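A.B. asks: First, the structure itself, so that you have it in front of you.
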Amino acid sequence: MFVREKKRIGDMLLAEGIISEKQLMEALDKQKKNWQKLGLVLIEMGCATEYEIAKTLQKQMGLELVNLSAYKIPKEILNLIPESGILTKHIIMPFEFDPYDSKYLRVAMADPLDIIAMDDIAVVTGMQITPVIGTHADIFACIDKYYGNAANQAVAEKYSQERIEEEEAEEQVNETVENAPIVILIKKIIEQAVRQRASDIHIEPMDNRIRVRYRIDGVLQTIGSYQTNLLSAIITRIKIIGGMDISEKRKPQDGRITHLVDRREYDIRVSVLPTVFGEKVVMRLTSKQNLTRDKKQLGFSEEELSKFNQIFNNPNGIILVTGPTGSGKSTTLYTALSELNVDGVNIITVEDPVEANIDGINQVQVNPKADLTFANALRSILRQDPDIIMIGEIRDEETARIAVTASITGHLVVSTLHTNSAASSITRLADMGIEPYLIADSVVGVIAQRLARRLCSCKRERSLTFQEKKQLGLEIGRDITIYEPKGCTMCNDTGYYGRIGVYEIMPISNKIRTIISSKGSTEDIQRMAAEEGVNTLRDSMTRHVLAGITSIDEMNKIVYTNVEDEQ
């Protein structure tokens, strides 16, 4: 049984050396003004992280620290709390009956010292409470998972009812979009997407409903649907906060939203496209923290990390990062730029659009209406005394030619291309009209990449088949174990949780320069790169499959190989 002790979270953090006396006093003053929980105040001040607070509580109070995403909460518990208001108010989540005494309910709490929260949940459920510790983000994500869609539906139904009762004409929708239910609905859709690790939100008008889907780990998943009479209000609200023209419904539009979720700022790029059933919205979610990670978190092997550092240590030249849309190119570039971003270096970027604002880097947004194209922006940037230039994408000969000129005159230029492999990026520049000798002189390295879904911890093992061993180029007679997806609560029964980068890193050696200068083909460049030990995307994926990080099915999606063609 849990004994309530007269301890304070501030004193515990002070005792552990997480915060100072001065920080505690400042936090207590802010708490009095804002009526927030002390833990949240300290997190917002940057004095402590959620995990530090949770570990301190665990150590000082001897309570268990749980990861809610690993639990599947029974319906019997969810039925005890019909709506999420009390859970959100106190930042708590009941998740299982005590296995030793069914009269007790185990409840994850961000603040297990909150007596009022325990009393409130005990009254609502009619049960005695066994508190355990959970982080704020984990609890909110769990509330969203089990109550999010129901809350969204309630808001949507409330708005629909108001529309029916008031019998508003279509042209009056614009006057009512600021009304609370629609504002709350859009806010909840975004927050729920963030907490479920979605990269994109799709709001799609269908024949008789509005479908909402999230792209999680690269795969679209339907999370809810609403009545079609909400479409105008939803689209109008998104256009207003995205800075678009609410009166224009026949043309595609692009916008941008900045939204704060769990004290983290998200930059949301919005695209609105007219379809036969109405306007469709896609929102791409990015946060500065996700784009500027430590490079060790990107999934490089030690050998790949060494080559990555070798390429970016060049004082001048062009570095290309290639791959299809959504393959993590921006994350790789921003991570590298963040590391190069020191006081003595002038970094300027020209992007379409700017993915995330980074302190200390001068970022330029392409604006064709003002004749600020990649090429025009680059000409101006060269007069701004840059050390490093980042070009969002090389799309045409003019941009490519300026990039080459800049690199040859002493600048480091980093950019992206849409090609399938590192070697084909070289021939793409040649196809754009750049002379081979200029490409050989300017390009210092190419990184081709993809994102592969990571297997969840619920993965199950199996042996490779004869055909799969041939595909991976392994010994036929040896028994080799790999893993495949299974599915559990944590991964929403998909079998995958998160993604990892897969890379083909090709430094431009003297031998490869000679092939480029002599107008060698993609195959010639690939052959020489292989001789010099450059691992292909297929090699990298094979390593991840054998290490149990991803599955062979995922490998086939990313680098499909026809075994018969290799015989």
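The values are calculated or read from the model by the stated rules, or taken from the named source; none is laboratory data. Keep in mind it's a predicted model, so treat the numbers as computed, not measured. Counting neighbours? That spans all protein chains shown, and the Cβs are built from the backbone with ideal geometry, glycine included. With ligands, DNA and RNA removed, areas are computed over all heavy atoms of the protein, side chains included. Shrake-Rupley method; radii C 1.70, N 1.55, O 1.52, S 1.80 Å.
A.B. asks: Let's test the formula: R0 of 22 Å, r as the Cβ-Cβ distance of Ser102 and Leu65. What FRET efficiency results, to the nearest 0.05?
C.D. replies: In this case the efficiency is close to 0.40.
A.B. asks: Between Glu265 and Asn556, what length comes free when the chain is fully extended (0.36 nm per residue of separation minus the Cα-Cα distance, one decimal in nm)?
C.D. replies: Stretched fully, the Glu265-Asn556 segment lengthens by 101.2 nm.
A.B. asks: Let me ask another. For the stretch 319-332, take each phi angle, set θ = phi - 60°, evaluate the Karplus expression 6.51 cos²θ - 1.76 cosθ + 1.60, and give the result in whole Hz per residue in order, putting x for glycine and proline.
C.D. replies: 10, 10, 10, 10, x, x, 4, x, 9, x, 4, 4, 4, 4
A.B. asks: Answer with one residue from Ser84, Tyr483, Asn346: the one whose Cα lies farthest towards the positive end of the charge dipole of the chain, charges on Cβ with Lys, Arg +1 and Asp, Glu -1.
C.D. replies: Value computed over the given set: Tyr483.
A.B. asks: Name all residues of the stretch 441-463 having a backbone nitrogen under 18 Å from the label point set 7 Å from the Cα of Ser518 along its Cα→Cβ direction, giving them as ranges.
C.D. replies: The answer is 441.
A.B. asks: Measuring from a point 7 Å past the Cα of Asp11 along Cα-to-C-beta, which residues in the stretch 42-65 have an amide N at less than 20 Å?
C.D. replies: Taking a point 7 Å out along Cα→Cβ of Asp11, the residues of the stretch 42-65 whose backbone N falls under 20 Å are 42, 53-63.
A.B. asks: Relative to the longest principal axis of the chain, what angle (0 to 90°, nearest 10) does the C-alpha long axis of helix 302-312 take?
C.D. replies: For helix 302-312, the angle is close to 70 degrees.
A.B. asks: Moving on. Loop only by DSSP, 16 or fewer other Cβ within 10 Å of the Cβ. Give me the chymotrypsin sites (Phe, Trp or Tyr not before Pro) in the stretch 251-338 that pass, ordered by residue number.
C.D. replies: Phe277
A.B. asks: Please report the relative contact order for the stretch 246-400, taking Cα pairs under 8 Å with a sequence separation of at least 6, and give it as a percent rounded to a whole number.
C.D. replies: 16
A.B. asks: What are the ³J(HN,Hα) values, in whole Hz, obtained from phi via the Karplus relation 6.51 cos²θ - 1.76 cosθ + 1.60 with θ = phi - 60°, for each residue of the stretch 485-500 in sequence order, with x given for Gly and Pro?
C.D. replies: Those phi angles translate into x, 10, x, 8, 4, 4, 9, 6, 6, 8, x, 10, 8, x, 9, 9 Hz.
A.B. asks: Can you tell me the convex hull volume per residue for the stretch 274-357, based on C-alpha atoms, in Å³ to the nearest whole number?
C.D. replies: Enclosed volume per residue, from the Cα hull, is 141 Å³.
A.B. asks: Ranked from highest to lowest mean number of other Cβ atoms within 10 Å per residue, what is the order of the peptides 113-125, 22-34?
C.D. replies: Sorting 113-125, 22-34 by mean packing, highest first, produces 113-125, 22-34.
A.B. asks: Going through the cross-link list Lys187/Lys249; Lys75/Lys459; Lys89/Lys187; Lys145/Lys296; Lys158/Lys239, which pairs have a Cα-Cα distance over 24 Å in this structure?
C.D. replies: Lys75/Lys459; Lys145/Lys296
A.B. asks: What's the magnitude of the charge dipole for the stretch 323-441 around its Cα centre, counting Lys and Arg as +1 and Asp and Glu as -1 at the beta-carbon? Answer in Debye, nearest 20.
C.D. replies: Taking the Cα centre of the stretch 323-441 as origin, the dipole is about 160 debye.
A.B. asks: Which whole number in µm²/s is D for the stretch 436-567 by Stokes-Einstein, with the Kirkwood Rh taken over Cα pairs at 10 °C and 1.306 mPa s?
C.D. replies: 95
A.B. asks: Shifting gears a bit: Please compute, for the alpha-carbon atoms of the chain, the extent along each of the three principal axes and give them in descending order in Å.
C.D. replies: Over the chain, Cα extents along the principal axes are 80, 66, 55 Å.
A.B. asks: If Glu531, Glu468, Glu83 are ordered by their accessible area, calculated over protein heavy atoms with a 1.4 Å probe, which sequence runs from highest to lowest?
C.D. replies: Sorted descending by solvent-accessible area, the residues read Glu531, Glu83, Glu468.
A.B. asks: Can you send over the solvent-accessible area of Arg284, 1.4 Å probe, protein chains only, in Å² to the nearest 10?
C.D. replies: Answer for Arg284: close to 70 Å² accessible.
A.B. asks: Which residue, chosen from Thr514, Leu38, Phe95, occupies the Cα position most advanced towards the positive end of the dipole of the chain, where the dipole is computed from +1 (Lys, Arg) and -1 (Asp, Glu) charges on Cβ about the Cα centre?
C.D. replies: Result: Phe95, furthest along the dipole toward the positive end.
A.B. asks: To test your reading of the geometry: what angle, between 0 and 90 degrees and rounded to tens, separates the Cα axis of helix 50-61 from the longest principal axis of the chain?
C.D. replies: That helix lies at roughly 50 degrees to the long axis.
A.B. asks: Starting from the alpha-carbon convex hull of the stretch 195-301, give the projected area averaged over all orientations, in nm².
C.D. replies: Computing the convex hull of the Cα atoms and averaging its projections yields 8.0 nm².
A.B. asks: Give me the accessible area of Val350, 1.4 Å probe, in Å² rounded to the nearest 10.
C.D. replies: Here the residue's solvent-accessible area equals roughly 0 Å².
A.B. asks: Is there a quick way to get the dipole size of the chain? I mean about its Cα centre, with the Cβ of Lys and Arg at +1 and of Asp and Glu at -1; what is the value in debye to the nearest 20?
C.D. replies: Roughly 640 debye for the chain.
A.B. asks: Taking the Cα centre as origin and putting +1 on Lys and Arg beta-carbons and -1 on Asp and Glu beta-carbons, what dipole magnitude results for the stretch 479-567, to the nearest 20 debye?
C.D. replies: With Lys and Arg at +1 and Asp and Glu at -1, about 460 debye.
A.B. asks: With n ≥ 4 as the cut-off for DSSP H runs, can you work out [θ] at 222 nm for the chain, using -39500 (n - 2.57) per run divided by the number of residues, rounded to the nearest 500?
C.D. replies: Helix contribution divided over all residues of the chain: -12000 deg cm²/dmol.
A.B. asks: Let me have the relative contact order for the stretch 228-312, percent, based on Cα pairs under 8 Å that are six or more residues apart.
C.D. replies: The normalised contact order for the stretch 228-312 reaches 18 percent.
A.B. asks: Continuing with this model, one more query. Can you pull out the trypsin sites (Lys or Arg not before Pro) in the stretch 82-134 whose DSSP state is coil and whose Cβ has at most 15 other Cβ atoms within 10 Å?
C.D. replies: Lys103
A.B. asks: Rank Tyr266, Asn290, Phe308 by how far each Cα sits towards the positive end of the charge dipole of the stretch 242-315 (+1 on Lys, Arg Cβ; -1 on Asp, Glu Cβ) and give me just the farthest.
C.D. replies: Working it through, the farthest residue towards the positive pole turns out to be Tyr266.
A.B. asks: Still on this structure, I have one more. Any chance you could give the angle, 0 to 90 degrees and rounded to 10, that helix 136-166 forms with the longest Cα principal axis of the chain?
C.D. replies: For helix 136-166, the angle is close to 80 degrees.
A.B. asks: Determine, from the Cβ-Cβ distance of Gln196 and Ala370 and an R0 of 25 Å, the FRET efficiency 1/(1 + (r/R0)^6), rounded to the nearest 0.05.
C.D. replies: For R0 = 25 Å, the calculated efficiency reads 0.10.
A.B. asks: How high is the relative contact order of the stretch 57-128, given as a whole-number percent (alpha carbon pairs under 8 Å, six or more residues apart)?
C.D. replies: Reported relative contact order: 26 percent.
A.B. asks: Taking loop as defined by DSSP and a crowding limit of 14 other beta carbons within 10 Å, which trypsin sites (Lys or Arg not before Pro) in the stretch 290-376 fit?
C.D. replies: Arg293
A.B. asks: Ordered by residue, what ³J(HN,Hα) values in Hz, to whole numbers, does the stretch 432-439 give under the Karplus form 6.51 cos²θ - 1.76 cosθ + 1.60, where θ = phi - 60° and Gly and Pro are x?
C.D. replies: 6, x, 7, 5, x, 5, 6, 5
A.B. asks: Ok, one more. Give me the mean projected area, in nm² to one decimal, of the convex hull enclosing the Cα positions of the stretch 438-477.
C.D. replies: Over every viewing direction, the Cα hull of the stretch 438-477 projects on average to 5.8 nm².
A.B. asks: What are the residues whose amide H is under 5 Å from the amide H of Gln221, where those residues sit 5 or more places off or on another chain and H is modelled from the backbone?
C.D. replies: Amide H to amide H, under 5 Å and 5 or more residues apart or across chains, Gln221 pairs with Tyr214, Arg215, Ile216.
A.B. asks: Next question, about the same structure. Among DSSP beta bridges whose residues both lie in the chain, state the antiparallel percentage, nearest 5.
C.D. replies: Close to 65 percent.
A.B. asks: Rounded to the nearest 0.05, what FRET efficiency is calculated for Asn346 and Asp493 with R0 set to 41 Å and r the Cβ-Cβ distance?
C.D. replies: 0.25
A.B. asks: Collect residues whose amide H, placed 1.01 Å from N in the peptide plane, falls under 5 Å from the amide H of Leu65; neighbours closer than 5 in sequence don't count.
C.D. replies: Ile133
A.B. asks: Here's a follow-up. I need the shape label for the stretch 372-438. Rule: rounded when a/c is under 1.5, else prolate if a/b > b/c, else oblate, with a, b, c from the alpha carbon gyration tensor.
C.D. replies: prolate
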